[in-house]
Ligand code: PAF
């Protein structure tokens, strides 16, 4: 696999692939790759001739006191993981200085979609994400970019950004890949102790319960939120940060689910220092 370190080389290679009339896909990651990321690479491969995976731990999306310094950096293992699914055409691995330079004064903000869920608890996080993804789009020039729906708010914000700015990039979301007991795969699961790992199953269970309630006709978001709070509360080691039900277009909380509406039920929970998120999309019958 070819590793590319600079934006100029990345753009030149992407331009060459475009000139050869190849369809280009990008899978942006921060590394520490697991089966969830590999599913994104496989989806990218299905949709394009040429796949770039970027690996960049983006400092601007971490707040003070978050895990930027300790975030796992595992390039050799990541390359092995990529090889196990047939590799990528290019792996873009820039340094921080290459992506931001010394005097970067520009950032990208999608207004209004970051007020709830993770955005309410991680000020500036989504501006960091939208800014780096814009830079990655400009460097890698993809036709398609593939993201995990586990980070549902991120996926919905990036889809809106690509639409609003007319990037000509199709933003595709891939279903969350889960461990056998339902825990969503995440690079942060490695922070869990054995006891925390056992109890972390409450996130996916709480969300599965909500799905069942909606299928049985429940339409009051307050009831669904309370059910998630109780489900998470059943794990003594869990500290709930939020449980919300929002509309997928506006990302604003919903009071009553409407026929035909697509909603998102989402939770964020601390186990010790590890912050885990999970969600489920709810299709309300019309
Ligand atoms: O989901 C992630 O890993 C990151 O937020 C992303 C999209 C690669 C931007 O740094």
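The values are calculated or read from the model by the stated rules, or taken from the named source; none is laboratory data. Remember, it's a predicted structure, so these values are computed and weren't measured experimentally. Note that we place each Cβ from the backbone using ideal geometry, even for glycine, and neighbour counts take in every protein chain shown.
Quickly run through segment 28-72 and pick out the residues that are more than 14 Å from the ligand (Cβ to nearest atom) and surrounded by fewer than 19 Cβ atoms within 10 Å (Cβ to Cβ). Result: 35, 42, 46, 47, 49, 64, 65, 69, 70. Restricting segment 123-150 to residues that are surrounded by 20 or more Cβ atoms within 10 Å (Cβ to Cβ) and outside any helix (DSSP H, G or I) leaves a set whose member that is farthest from the ligand (Cβ to nearest atom) is 141.
Between 214, 284, 267, the distinction of being over 27 Å from residue 65 (Cα atoms) and touching a strand residue (DSSP E or B) at 6+ places or on another chain (Cβ under 6 Å) belongs to 214 only.
Residue-level check: of (1) in contact with a helix residue (DSSP H, G or I) (Cβ under 7 Å, 6 or more places away or on another chain); (2) within 23 Å of residue 159 (Cα to Cα); (3) touching a residue at least 60 places away in the same chain (Cβ under 8 Å), residue 53 misses just (3). Contact map, segment 147-164: residues that are under 19 Å from residue 123 (Cβ atoms) paired with residues that are in a helix (DSSP H, G or I) and away from the ligand (no atom under 12 Å from the Cβ), Cβ distance under 7 Å, separation 6+ or inter-chain. Pairs shown: 153/119.
Apart from one condition, residue 85 fits all of (1) under 19 Å from the mean Cα position of the chain (by Cα); (2) touching a residue at least 40 places away in the same chain (Cβ under 8 Å); (3) closer than 23 Å to residue 41 by Cβ; (4) away from the ligand (no atom under 15 Å from the Cβ); the exception is (1). Scanning segment 261-276 for residues being surrounded by fewer than 19 Cβ atoms within 10 Å (Cβ to Cβ) and under 15 Å from residue 184 (Cα atoms) gives a total of 2. In segment 176-283, counting only helices (runs of 4 or more DSSP H) that sit wholly within it, the ones holding 2 or more residues that are within 27 Å of residue 110 (Cα to Cα) and at pLDDT 95 or above span 221-233. Annotation note: of 193, 187, 204, the sole residue that is within 13 Å of the ligand (Cβ to nearest atom) and touching a residue at least 60 places away in the same chain (Cβ under 8 Å) is 187.
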